[in-house]
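Single-structure report; data block below.
The values are calculated or read from the model by the stated rules, or taken from the named source; none is laboratory data. This one's a predicted model, so the numbers in the text were calculated from it and none came from an experiment. In this analysis, Cβ positions are derived from the backbone assuming ideal geometry, glycine residues included, and neighbour counts consider all displayed protein chains. Please note that ligands, DNA and RNA were not included when accessible areas were found on the heavy atoms of the full protein model with its side chains. Shrake-Rupley method; radii C 1.70, N 1.55, O 1.52, S 1.80 Å.
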Number of protein chains: 2
Amino acid sequence: MARFFVAASNIFGGIAYINGKDAEHAKVLRLRKGEIVVVCDGKGTDYSCRVKSSSPGTVEAEIIGKAPSAGEPDVDVTVYAAWPKGDKTETIVQKTVELGAKSIVFYPSERCVSRPDDISASKKCARLARIAEEAAKQCGRGIIPEVRFVSSYDDMLLEASRNELALFFYEEGGESLRDVIAAKPASVSVITGPEGGFEPSEAARAADMRFITATLGARILRCETAPAIAVSSVMLLTGNLG
Amino acid sequence: MARFFVAASNIFGGIAYINGKDAEHAKVLRLRKGEIVVVCDGKGTDYSCRVKSSSPGTVEAEIIGKAPSAGEPDVDVTVYAAWPKGDKTETIVQKTVELGAKSIVFYPSERCVSRPDDISASKKCARLARIAEEAAKQCGRGIIPEVRFVSSYDDMLLEASRNELALFFYEEGGESLRDVIAAKPASVSVITGPEGGFEPSEAARAADMRFITATLGARILRCETAPAIAVSSVMLLTGNLG
């Protein structure tokens, strides 16, 4: 069944209005009157709709049912990833969106080779937001995860510490996720490092703030692999990966 | 600590001989007499060695200890992946090796766009074997996983059915891995489909052969993401991901 994201403001009076880029998509699919489509408001709700009318610029579809988006997990996971080199940012965003992350936040770490200034980081995040949107549509998410950055390691720690469970994935070892995730947390921070790993002083600062130092095992995962595996592991252990 | 793979036949008489390409690597690292290195025989054993002599072509290192490679899981996972388009084969091999797969086997499926003949498939697998080797070295595996192919879907099912646990990941839904992996299996087959998913008749044939139809959740994972997530999930639930 065709599935569209629209702005929440395009859903009112029992009708979902698909227009702009999504209407172009609808046109390609040759939606016909009476056809059933799913319209997602990007806030976690999917609307079953019957196409009422379809013109080149706008599709109007009558709402016949609504339900929470099946693709949304019941735990909010924010990924904090150290800026990697080159196009690894894209891999991190695409994969963690597929696996159910709510937000992806890039931050600078001592051993980062890539250290964009705020202007460059803003541009990168704008581009990555489009990748998040594509990935969200492709895999059937109910929201479009946000992509942003923080300008310092300590700001990252402070923000990440606010979630119910804050996991610091350290290549030098730590606790197994199976031991850490017992009851289902409402919100989880997943922190992964750069290509060269964390400085011991960075790991110490996280431990001082009572982050849980966690491991993904004896094999050294690449910096673009670790975020996806950390997110999928949290999803699996909280019943959000089937 | 520097780590080298050598042929098992290069380890005898209490000495590990690092030569050929690995010796070039050693030269780059400027190994010195007395230095401690790890030499892996590619069969799951790591040897701690002290460098005895180092010449341009060969490094001789005295064995001072041995242990099972820490990077090897205690469950043998074989990935059966439908031939994907383009360079997704590389992603599948690189990521599943990082996550601990023992073998990666490509197979043809009804909806595969890429359908290499045996000659072309052999060439692809030879190239992918080098990617497996690089990934194994990079992440600290104790073996170099093999990459091969089977020529038909039914041959794949027959081979995959021989492992203790055979998991058929179906995009239309199935059992949760948390319910399926209770006791630790010795060997697991992980079967994932092509871009367009499995034909219902293919899923039915797997079910007829008593494969367990499993799910990776409500979000549709890309065909190059699913194998890595399936392997990491098996590793997590069997205590092999930390």
Determine whether B:GLY86 is open to solvent by 10 Å² or more (accessible area, probe 1.4 Å), in contact (Cβ under 8 Å) with a residue 12 or more places away in the chain and on the phi > 0 side of the Ramachandran plot. yes
Name, by its number, the condition in (1) in contact with a strand residue (DSSP E or B) (Cβ under 7 Å, 6 or more places away or on another chain); (2) at pLDDT below 95 that does not hold for A:GLY65. (2)
Any residue at all in the stretch B:55-67 that's assigned to a strand (DSSP E or B), more than 30 Å from B:GLU164 (Cα to Cα) and either of a type in the set (S, T, N, Q) or within 20 Å of the chain's Cα centre (by Cα) (or both)? yes
Could you tell me whether the stretch B:114-122 includes any residue that is acidic (Asp, Glu), farther than 25 Å from B:ALA207 by Cα and in a helix (DSSP H, G or I)? yes
Of (1) part of a strand (DSSP E or B); (2) modelled with pLDDT under 95; (3) more than 27 Å from A:THR238 (Cβ to Cβ), A:VAL38 satisfies all except one. Which? (3)
Residue tally, condition β-branched (Val, Ile, Thr) and over 30 Å from A:VAL38 (Cβ atoms), over the stretch A:99-144: 2
Are any residues in the stretch A:58-83 open to solvent by less than 10 Å² (accessible area, probe 1.4 Å) and within 14 Å of chain B (Cβ to nearest Cβ), and if so, which ones? A:SER69, A:GLY71, A:VAL75, A:VAL77
Determine if the stretch A:90-106 includes at least one residue that is open to solvent by less than 50 Å² (accessible area, probe 1.4 Å), outside the structural domain of A:ASP41 (by TED's automatic domain parsing) and among the acidic types (Asp, Glu). yes
What number of residues within the stretch A:8-23 are surrounded by 13 or more Cβ atoms within 10 Å (Cβ to Cβ) and out of contact with any Gly (no Cβ under 7 Å at 6 or more places or on another chain)? 8
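For the stretch B:123-242, which fully contained helices (runs of 4 or more DSSP H) count at least 1 residues that are open to solvent by 40 Å² or more (accessible area, probe 1.4 Å) and more than 14 Å from chain A (Cβ to nearest Cβ)? Steps first, answer last, please.
Values: elements: B:153-160, B:177-180, B:200-208, B:226-237.
Helices (runs of 4 or more DSSP H) meeting the threshold: B:153-160, B:200-208.
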Of the residues that sit in the stretch B:7-33 and are in contact with a strand residue (DSSP E or B) (Cβ under 6 Å, 6 or more places away or on another chain) and in a loop (DSSP other than H, G, I, E, B), which one is modelled with the lowest pLDDT? B:LEU31
Working carefully through the options A:SER114, A:SER55, find the one that is surrounded by fewer than 20 Cβ atoms within 10 Å (Cβ to Cβ), more than 19 Å from A:ALA136 (Cβ to Cβ) and without any contact (Cβ under 8 Å) to a residue 12 or more places away in the chain. A:SER55
